[in-house]
Structures are given as structure tokens and as C-alpha cells.
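**Student:** The structure is given below, and queries will be raised subsequently.
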Amino acid sequence: MSNESTETIIQSLNPHLTTLADTSTRDRPVKRRAMEAVKKETLQIKTWTNASSAAADLLAHLVDSLLPCTESAIESIREQTVGILDSLIAKCEQGGIDNTVVEKLLRSALKRMQEEGTEEIRVGWMDLCTTLLRQLKKITVTLSELMLDIAQMAGKDAFSEVLQRDAKFILLYAQTQPKSTDYACERMIRLTVPLLVHRHTAVRVLGIKAMEGVLLASPKGLHLLFEESPERQPIVPALVYDASPLVRDHLFLSLGKLLCDWSPRDRYQYGERILPIIFQGTFDELPSVQVTCKSSLSGVGQSCARDLFEADIIHEMPTDQALSETIVRQETALDALCLLLEYAHLDDIVKNIKKTLHYLMLVYVNKPEVRDRVCKILEQLGLVLPSADIFLDVLLGRLDKTSLTLEGNGASTVAVTMAFLNTLVRSSDTTSFKRIDLVLKKPFVQAYIKENREALEEYEIIKARIANLPSRG
């Protein structure tokens, strides 16, 4: 019988546990032999047919005696005790550990993560917490708070191995406790920040995976990764320029996976932050990273096509070849952006028009070879916006005297704005041509136009087109 067997083990362990109750450095050899005996006795249950229930029973009986050993002045005792507890937890059936035992273990883990001076033992505590989390089904609010407190403490650790375990712990929590993750999504995203900015590449890579896991469970904390703070730049935009290609590659893979795996509602609500990041990656200095971005965007395009099919906007799900040739055509990320703008919610487009145009201007200036794709996106914007005034408010605002004076290269800004306005005039039915004409005729704007050949050429085209249009109110 399981009870009889565990009772026998407990009785045989009592003398050894009494020896170990003294946490001083006295009688080191005796205490080491006692710990070896405890380890040997507890490990024997792995061969039992009812090992999982026996492990839970043994853990419940021994936890109060073993936890004080984790505070022993003898390092090997502390280390072996954590290993024994981890081993017992691993043998338990999922959901088989009583919550009171779980709480005792977590409270001890939190305390020892603060006080334990040996890095390897702190790693052992994080392994124990991960094993414990894997064995749980539903968790209480109290247990959830304890786990997040442990993750927060681990995120402050100076030892990179602890931080790597922390990332894996956060990822597992997000995967196994999605409702709790959704409830605490902003706190969990903040837990990933120390990992994402850590100096070690391996920690940043695992931090990206943890970030992905949290955002898959709940995207509501995404905005925190794009906000500036006095201490650092926005997290995700800064990772685009990470010194490690491995980090950049994982970033673009994770962002693409988020866009593909989110529900359509989340995909279009939060995609406006992520898509510009991915299409920045298509201009990465390494071809392998560029390929990753294009692959991610191809997956996004397929998800968008599936959305269209399920919404009955298209009546046949295209083949991969047709998808690449007709709907997606994602040679670059700009094509994916154009596709998204075609079907995104109008309110989202209007809300983010200023940011979208800003990114498009950067691409237009730095990558002349993709200007035709930028113009295609502008034409698409002109089609979906209910009024060109929305478009003009942003572009003509770029020609404000104060803004141009503050810019390092006002002439370049004017040239790009001229090109964008020219595309708008060609592709949109607007009642606001007079606004364009009035702004372009201002003396300080004319001065910038005259010093830039491209701006002057665009201006002449705009003037001719405005002159040939019917009079508008």
C-alpha cells in the first residue's frame, strides 16, 4: 500500500531530519550523510507503480521538515534539499499537490531567491518553481501573485542563468495559465523588460520568447513595449537595431507569429504597431534576417487572406501561388502593409495615420528602389480615407515653418512631402486643393522647394494637375 510505504520512509527519515534540523555548520560529515540518506530514501519511490500519489503524499509529509534545510549554513545541504524537493514535485501527478503545500514552497522560494548567495542554488529554485508550475492546473490568486513575485525577483538577479530560467518560467506561466496572464498582462510584460534589455544575447532571445508567450495569451500589454521611459528607449523598436543577428531574427519571428496567431480582432487592432517593425527588418543588413521578415510577412498575408475568406469578402481561399501573385504579392513588407490597409478598420487607420506616414517617409527617403510600393500604399490610403483632409492635415503639417526650421534637413522633408502630395492629387478625389495651393505658395516653403531639384519637379507636376482639375469648394 502507498500509505504504508510512505509511512515506512517517513519513519526511517525522522532521525536524519532531526539531525538536519540544526542549520549550523556543526557536524558537517554527519549532516552530509543524513542528507544522502534522505535523498536515497525519497528517490526509491520512482520505481513504484503508484509513484505519483506516493510522491504527493511524501511531499506533504516532508515539506515542513525539508524547507528549513534550504536555510542551512552548509551549501551542499541547501543545494541537495532543493534538488530533492524538485524531484518529488516532478513525480507528482498534475493537480495532485495540495495548495497549502504549493504555497509553502512558493513562499520559501521567494524568500530564498532574495537571501541565497550561491547562484547555482538560485537556479535550482527557479527550476523547482518551473517544475511546480508545470504540475498545477488552476491556481488561486494568492499562488498567482507569489509566482509573479518570484519572477520579478529573478528578473533582478545578476546571474544570467537565473534570468534565463526566469524567461522560461514566464513563458510556461503564460502558456499554462492564460486567464491569469490576461488578468495580469501588463505586469507580466513589465517582467519581460529586464530580459529584453539584458547584456547577454541568450537572455534577450529567451526574453523575446517570454514576451511572445505573454502577448499570445493577452496582447493588451503590447503598448508598454513601445513607450519611452526616462531610463531607456522603447523596447521593441530598439531591438530592431540589436547588435546580435540572432536577437533580431527571433524578434521578427515572434512578431510575425503574433500577427498570425492572434484573433482577427487582435490582429488588426494591434498590427499597426508591429507591421512597421517587421517591414523595417526587410532592410536589415543581413540577408538571412531579411528572409525571416519576408517569411513572417508571407504568413501574415495568408492569415489576412483567411480572414477575408471567412468574412466572405473573397469566396475561395487562394492557393499559395495565387496568394503570392494576386492578394499578397509580398516581395517586401510594404506589400503586406498595403494589403492590411485595404482591409483594416477605418478607425484604426485614421487613428494611426500620422505614424504610418512618418514610417513611409523614412522608407521613401532611405530606399529609393521601393518608392513605387510606397506610392501604392499612399494610393490605397487615398481610397480608404473618407476625406483627403485627414491625409492633408498630416502632410501639410510637415510644412509648418517651425517644424521645418527645427529639422536638420528641411529641404529633404519638403521634397518627400511634395512627392506624397503629388501621389495624393493624382489618386484622390478631394475638395481641398486650395489648401495645398495656399501652403505651397508660402515664401518659406518656396525657398525650400527651389533649393531641391526633386521638390521643384514634384511642385511643377502638382501645379499642372491642380490647374487642370475642376473648381472645387
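**Student:** From Thr100, Thr130, grab the single residue that is within 25 Å of the chain's Cα centre (by Cα) and either assigned to a helix (DSSP H, G or I) or farther than 25 Å from Asp182 by Cα (or both).
**Tutor:** Thr130
**Student:** Checking the condition over 15 Å from Val300 (Cβ atoms), touching a Cys at 6+ places or on another chain (Cβ under 8 Å) and either surrounded by fewer than 20 Cβ atoms within 10 Å (Cβ to Cβ) or among the hydroxyl-bearing types (Ser, Thr, Tyr) (or both), which residue from Ser218, Ser229 passes?
**Tutor:** Sole residue among the options that is over 15 Å from Val300 (Cβ atoms), touching a Cys at 6+ places or on another chain (Cβ under 8 Å) and either surrounded by fewer than 20 Cβ atoms within 10 Å (Cβ to Cβ) or among the hydroxyl-bearing types (Ser, Thr, Tyr) (or both): Ser218.
**Student:** Give me the helices (runs of 4 or more DSSP H) completely within the stretch 164-275, filtered to those with at least 2 residues that are free of Cβ contacts under 8 Å to residues at least 40 places away in the same chain and basic (Lys, Arg), ordered by residue number.
**Tutor:** Filter on the stretch 164-275 gives 185-196.
**Student:** Taking Glu93 as the residue in question, decide whether it is over 26 Å from Thr8 (Cβ atoms), touching a Ser or Thr at 6+ places or on another chain (Cβ under 7 Å), surrounded by fewer than 22 Cβ atoms within 10 Å (Cβ to Cβ) and among the acidic types (Asp, Glu).
**Tutor:** no
**Student:** Could you identify the single residue in Ser5, Ser76 that is at pLDDT 90 or above, outside any loop (DSSP other than H, G, I, E, B), among the hydroxyl-bearing types (Ser, Thr, Tyr) and surrounded by fewer than 17 Cβ atoms within 10 Å (Cβ to Cβ)?
**Tutor:** Exactly one residue qualifies, and that residue is Ser76.
**Student:** Restricting to the stretch 21-56, name every residue that is hydrophobic (A, V, I, L, M, F, W, C), over 16 Å from Leu88 (Cβ atoms) and either in contact (Cβ under 8 Å) with a residue 40 or more places away in the chain or surrounded by 14 or more Cβ atoms within 10 Å (Cβ to Cβ) (or both).
**Tutor:** Ala21, Ala34
**Student:** A follow-up question, please. Taking the stretch 418-450, which residues are among the charged types (D, E, K, R) and modelled with pLDDT of 85 or more?
**Tutor:** Correct list: Lys441, Lys442, Lys450.
**Student:** In a loop (DSSP other than H, G, I, E, B), buried (at least 16 other Cβ atoms within 10 Å of the Cβ), aromatic (Phe, Trp, Tyr) and at pLDDT below 90: which single residue out of Phe283, Phe279 fits that description?
**Tutor:** Matching residue, one of Phe283, Phe279: Phe283.
**Student:** Which of the residues spanning the stretch 292-326 are surrounded by 18 or more Cβ atoms within 10 Å (Cβ to Cβ) and at pLDDT below 50?
**Tutor:** Listed by number, the list holds a single entry, Leu323.
**Student:** Still on this structure, please answer the following. Of everything in the stretch 260-274, what is in contact with a Ser or Thr (Cβ under 7 Å, 6 or more places away or on another chain) and of a type in the set (A, V, I, L, M, F, W, C)? Give them in sequence order.
**Tutor:** Cys260
**Student:** Taking the options Gly408, Gly397, name whichever one is surrounded by fewer than 16 Cβ atoms within 10 Å (Cβ to Cβ), more than 32 Å from the chain's Cα centre (by Cα), modelled with pLDDT under 85 and not aliphatic (A, V, I, L, M).
**Tutor:** When all the criteria are applied, what remains is Gly408.
**Student:** If you scan the stretch 15-28, which residues turn out to be within 20 Å of Glu71 (Cβ to Cβ) and part of a helix (DSSP H, G or I)?
**Tutor:** Residues satisfying the conditions are His16, Leu17, Thr18, Thr19, Leu20, Arg28.
**Student:** Next question. Which residues, taken from the stretch 411-423, are within 34 Å of the chain's Cα centre (by Cα) and β-branched (Val, Ile, Thr)?
**Tutor:** Those that are within 34 Å of the chain's Cα centre (by Cα) and β-branched (Val, Ile, Thr): Thr413, Val416, Thr417.
The values are calculated or read from the model by the stated rules, or taken from the named source; none is laboratory data. If you're wondering where the values come from, they're calculated on a predicted model, not measured in any experiment. FYI the Cβ positions are ideal-geometry reconstructions off the backbone, even for glycines, and counts take in every protein chain you see.
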